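The values are calculated or read from the model by the stated rules, or taken from the named source; none is laboratory data. Note that the coordinates shown come from a computational prediction; the quantities given were computed from them, not determined experimentally. So basically every Cβ, Gly included, is an ideal-geometry build from the backbone, and we count neighbours across all protein chains shown. Keep in mind that these areas ignore ligands, DNA and RNA; they rest on the heavy atoms of the full protein, side chains included. Shrake-Rupley method; radii C 1.70, N 1.55, O 1.52, S 1.80 Å.
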Amino acid sequence: PVREALLELSYEGLVAVTPRSGITVVGITPQDAVDSFAILAALVGKAAEMATARMTASEVAELRDLEAAIHGSRDVVAANRHFHRTLNYSARSSRLLTHLRQAVRVVPDNYFELFPEQERRSRDEHGALLDAMAAGDASSARVLAEEHVRRAGEALGGWLEERRTALD
């Protein structure tokens, strides 16, 4: 099982396998983070677009409740994930969910600890997204969802670049 796990990590570009020498952790560069979030953004945008066309008014209301719960939660990360997971499931596309599950792995569990200011920004962006979805504006919902995730990736990429520069 360890060998297979290491091979999987090598396929993902996180480790380098050198025959007869061993395995080296490659890590993630600032650009890798930005690129990974851009891919996630495209998938999340598509989920928002599809969900807008497929959701009922009561499902939009449920998302509003979940969004409101994020800001009073002791576990903002879990509440935020629950909001996004519910939105993604509302797209009603098992293929899209499969790709999202893979792509979302790039989001650090401690994202809001690293970027506490992002919590407020996230609240504003979630509200605008839900307004577009409630209005049935799938195109705007897609763009807003993509920008929401892309900005998060840019914040992470900038932070990684600052750390890399500080270590050089």
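Of the residues screened, THR98 is one that is more than 19 Å from LEU144 (Cα to Cα) and β-branched (Val, Ile, Thr). Selection of segment 131-153 for residues being of a type outside the set (S, T, N, Q), over 13 Å from TYR111 (Cβ atoms) and open to solvent by 40 Å² or more (accessible area, probe 1.4 Å) yields ASP131, ALA134, ALA135, GLY136, ASP137, ARG142, VAL143, LEU144, GLU146, GLU147, ARG150. Identify all residues within segment 9-56 that are under 20 Å from VAL107 (Cβ atoms), touching a helix residue (DSSP H, G or I) at 6+ places or on another chain (Cβ under 6 Å) and open to solvent by 60 Å² or more (accessible area, probe 1.4 Å); write none if there are none. Scanning segment 9-56 gives a single hit, ILE39. Exactly one residue among LEU66, LEU43 is of a type in the set (A, V, I, L, M) and in contact (Cβ under 8 Å) with a residue 40 or more places away in the chain, and that residue is LEU43.
Among the residues of segment 60-73, write down those that are open to solvent by 40 Å² or more (accessible area, probe 1.4 Å) and part of a helix (DSSP H, G or I). Within segment 60-73, ALA61, GLU62, ARG64, ASP65, ALA68, ALA69 meet the criteria. Would segment 104-125 turn up any residue that is surrounded by fewer than 16 Cβ atoms within 10 Å (Cβ to Cβ), within 18 Å of GLU49 (Cβ to Cβ), out of contact with any strand residue (DSSP E or B) (no Cβ under 9 Å at 6 or more places or on another chain) and of a type outside the set (D, E, K, R)? Among the residues of segment 104-125, not one is surrounded by fewer than 16 Cβ atoms within 10 Å (Cβ to Cβ), within 18 Å of GLU49 (Cβ to Cβ), out of contact with any strand residue (DSSP E or B) (no Cβ under 9 Å at 6 or more places or on another chain) and of a type outside the set (D, E, K, R), which makes the answer no.
Does ARG81 satisfy the condition of being open to solvent by 50 Å² or more (accessible area, probe 1.4 Å), part of a helix (DSSP H, G or I), free of Cβ contacts under 8 Å to residues at least 12 places away in the same chain and closer than 17 Å to PHE112 by Cα?
Spelling it out, ARG81 is indeed open to solvent by 50 Å² or more (accessible area, probe 1.4 Å), part of a helix (DSSP H, G or I), free of Cβ contacts under 8 Å to residues at least 12 places away in the same chain and closer than 17 Å to PHE112 by Cα.
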